[in-house]
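Down below is the structure, laid out as structure tokens.
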Amino acid sequence: MNWKKESLRDAYGKTLVELGKERKEIVVLDADLSSSTKTALFGKAFPERFFNVGIAEQNLMSIAAGLAYSGKIPFVSTFAVFATGRAYDQVRQSICYPNLKVRIVATHAGLTVGGDGASHQMCEDLGLMRSMPNIAIFSPCDAPQTREIIKNVVDYPGPVYVRLVRQDLPTITEGQDFRVGEAQVLLDGSDVTIIATGSMVSTALQASNELKNHGISARVINIHTIKPIDIKTIVKCARETKGIVTVEEHTVSTGLGAAVAEVVSEHYPTFVKRVGVPDTFGESGEPEPLLKKYGLSVESIVRKAKSIVEVKK
Amino acid sequence: MLTDEEIKFLTEKAIVVRRHIIRMIYNAQSGHPGGSLSATDILVALYFKYLRHRPTDPGWADRDRFVLSKGHGVPALYAVLAESGYFPKEELLTLRKINSRLQGHPDARKLPGIEASTGSLGQGLSVACGMALAGKIDKKEYRVYAMIGDGESESGQIWEAAMTAHHYKLDNLTVFLDRNNLQIDGCTENIMCLEPLKNKWEAFGWHVIEINGHDYREIGKAIEESWGVKGKPTMVIAKTVKGKGVSFMENNVSFHGKPPNKEEAERAMKELGDTL
């Protein structure tokens, strides 16, 4: 990992422009947040294929469906809270039910949206999207992975949800192989497995380092495809280590932690300790202190990993 | 302009379609007769006169599109699709049965001829806008037609779509508002007053035409007028009668979503000149 930080949203916007040159069927829609979601870059390059529908997220999703019925590949962006919460019914009925190739790329997911507070934070989006048939869900951990995902989802056969956070993230996956649906083993380890997604992958790597000081060997897995989830890798980790710690900037009850717990309980029961947002709304604050306040920290991961190793000694 | 002969043909076709509707909903013992019968004449005019479509090639790229936003009126759509040759008429009686392609609300992935999956009210007009927008991007000649309900117009998304269609100058879009004045809980004006609808749509920048939605001459004239409108979408407010064609269902809110029993179905079919 090099600690050069890069913006996922910038990576998204620039990749869209690159793709737009080759793929004329790509159209991009936004709901008055194009400068924040970075779809404005596409709008500048291809104004005839960019549509800002104003603050009307329900309309946004159903229009995208109409475009997809007509052979277009719409990329639809707004903040995660609006894309999944406000327009849930439209995503469900207009897009997922007819299994349309709409790509919802939501930004500002999680706690770290800045000072806007709970109204603009979204820690339930993975759960909402995970509950719906047909849709594939992605959660990149850095800018290179964002580029890979955006390129890979253009031709994905059904609807797609991509979750981006607001803040810049350290580069982790540069030059690594990326395959849809395949978890990445970032660090091998034999005592415990840390499975992380999105903004928390770098924290998981730091926690693994810290665990070495406690004599614990922690494997670190990056899950960039939340659905369909990589059952094989998760079960392998459950079998080969004493337990799993999941880490996500999302509520633990319906996100990655829940998904991993479901897989493990059906295939190879073991400890799954979840680090993530507890059952609460967030609040305004700077990203780092916010994450710390809600327990999304190296210390939490280390504590939970140690507790698993202690019990299984 | 429709000729007398065409009007005769459409009028006869509408009776056949209404018979299908009664048989289908009676057989399923579930469905929405009122709003299917009010929409019938407009659908018959579209599918048997005005739509450029190829029932044997439902995916024809240059076809006109029709989106039934008021998805509960789908028995009328199934009947005109079957009569057009999209699928066997015998299949109509599978409505709402397990393993059927004829779902309770339109499912675009199951049945050829269904352009959009609808049913959650308020969304179909936005979908139609997306299709019209695609037509503009591709510089295609096809038109997009849609039908919304009056009760459905209480949904905020209808007005989001109304703004969009005006903003993007979707003059390839013709929308019918099935103004039958009734929704599940009663009269639209008592539940949530919609009037003055004409002024509202005009204020949203649409070309608005008011017609009798059971008069083929007026339906045809409105459609042909919409073809000539440039720079804005067209809204045809079609005054209709819920349950039209079956005397005891007309303007009877209890038949919004209730199937007829055997005696009622037989009476209805008798009025439509046939037996159940």
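The values are calculated or read from the model by the stated rules, or taken from the named source; none is laboratory data. Remember, it's a predicted structure, so these values are computed and weren't measured experimentally. Note that we place each Cβ from the backbone using ideal geometry, even for glycine, and neighbour counts take in every protein chain shown. Heads up: the accessible areas ignore ligands, DNA and RNA and are worked out on the full protein's heavy atoms, side chains in. Shrake-Rupley method; radii C 1.70, N 1.55, O 1.52, S 1.80 Å.
Remarks
- Measuring against 30 Å, Cα to Cα, the residue pairs A:K44/B:K169; A:K38/B:K136; A:K38/A:K236 contain A:K38/A:K236 as the ones spanning a longer distance.
- Using every pair of separate Cα atoms, the Kirkwood estimate puts the hydrodynamic radius of the protein assembly as shown at 25.7 angstrom.
- Cα gyration tensor category, rounded, prolate or oblate, for the range B:98-212 with a/c compared to 1.5: oblate
- At full extension, B:R109 and B:L276 could sit 57.1 nm farther apart than now, given 0.36 nm per residue minus the alpha carbon distance.
- Pairwise burial A:B, computed as accessible area of each alone minus the pair, summed, 1.4 Å, Å²: 2000 Å²
- The accessible-area ordering, largest first, of the residues A:L41, A:L256 stands as A:L41, A:L256, per a 1.4 angstrom probe.
- A simple charge model with +1 on the Cβ of Lys and Arg, -1 on the Cβ of Asp and Glu and nothing else charged puts the dipole of chain A at about 460 debye relative to its Cα centre.
- Spacing of the modelled spin labels on B:A61 and A:V180, each 7 Å from Cα toward Cβ, amounts to 2.4 nm.
- Normalised contact order of chain B, rounded percent, pairs of Cα under 8 Å and 6 or more residues apart: 24 percent
- Calculated diffusion of the range A:47-130, Stokes-Einstein form, Kirkwood radius summed over Cα pairs, 37 °C and 0.692 mPa s, µm²/s: 250 µm²/s
- From helices alone, chain A scores -10500 deg cm²/dmol at 222 nm; the rule is -39500 (n - 2.57) for each run of n ≥ 4 DSSP H residues, then divide by the residue total.
- Rolling a 1.4 Å probe over the protein heavy atoms leaves A:Y268 with an accessible area of roughly 80 Å².
- The modelled label-to-label distance between B:I191 and B:R101, using points 7 Å beyond Cα along the C-beta direction, is 3.2 nm.
- Within-11-Å neighbourhood charge of A:Q58 [Cβ basis; K, R +1; D, E -1]: -2
- Note: relative contact order over the range B:44-155, using C-alpha pairs below 8 Å and six or more positions apart, is 32 percent.
- Where only DSSP H runs of four or more residues are counted, chain B gives -12000 deg cm²/dmol as its mean residue ellipticity at 222 nm, each run worth -39500 (n - 2.57).
- Per-selection Rg to Rh, the range B:8-143 - Cα, Kirkwood hydrodynamic radius: 0.95
- Check: the range B:50-96 dipole with +1 on Lys, Arg Cβ and -1 on Asp, Glu Cβ, in debye: 180 debye
- Note on the protein assembly as shown: antiparallel DSSP beta bridges, both residues inside, total approximately 15 percent of the bridges counted.
- Degrees separating the helix A:143-153 axis from the principal Cα axis of chain A, which is the longest one: 60 degrees
- Translational diffusion coefficient of chain B (Stokes-Einstein, Kirkwood radius from Cα pairs, 37 °C, 0.692 mPa s): 178 µm²/s.
- Within the range B:167-196, backbone nitrogen closer than 18 Å to the virtual label 7 Å beyond the Cα of B:N251 toward Cβ: B:179-191
- Prolate/oblate/rounded call for the range A:107-174, Cα gyration tensor, a/c under 1.5 rounded: oblate
- Once the partner protein chains are put back, the range A:27-65 shows a loss of at least 40 square angstrom of accessible area, versus the chain by itself, at A:F51, A:N59, A:S62, A:I63 (probe 1.4 Å, ligands and nucleic acids excluded).
- The H on the amide N of A:G243, modeled in the peptide plane, is under 5 Å from the matching H of A:T193, each at least 5 residues off or on a different chain.
- Cα long-axis angle, helix A:231-240 against chain A (0 to 90 degrees, to the nearest 10): 10 degrees
- Cα→Cβ-extended label distance, 7 Å offset, between A:W3 and A:K24, nm: 4.9 nm
- Around the amide H of B:F176, modelled in the peptide plane, lie the amide H atoms of B:A146, B:M147, B:I148, B:V236, all under 5 Å away and 5 or more residues distant in sequence or on another chain.
- Overall Cα dimensions of chain A - principal axes, largest extent first, Å: 62, 38, 36
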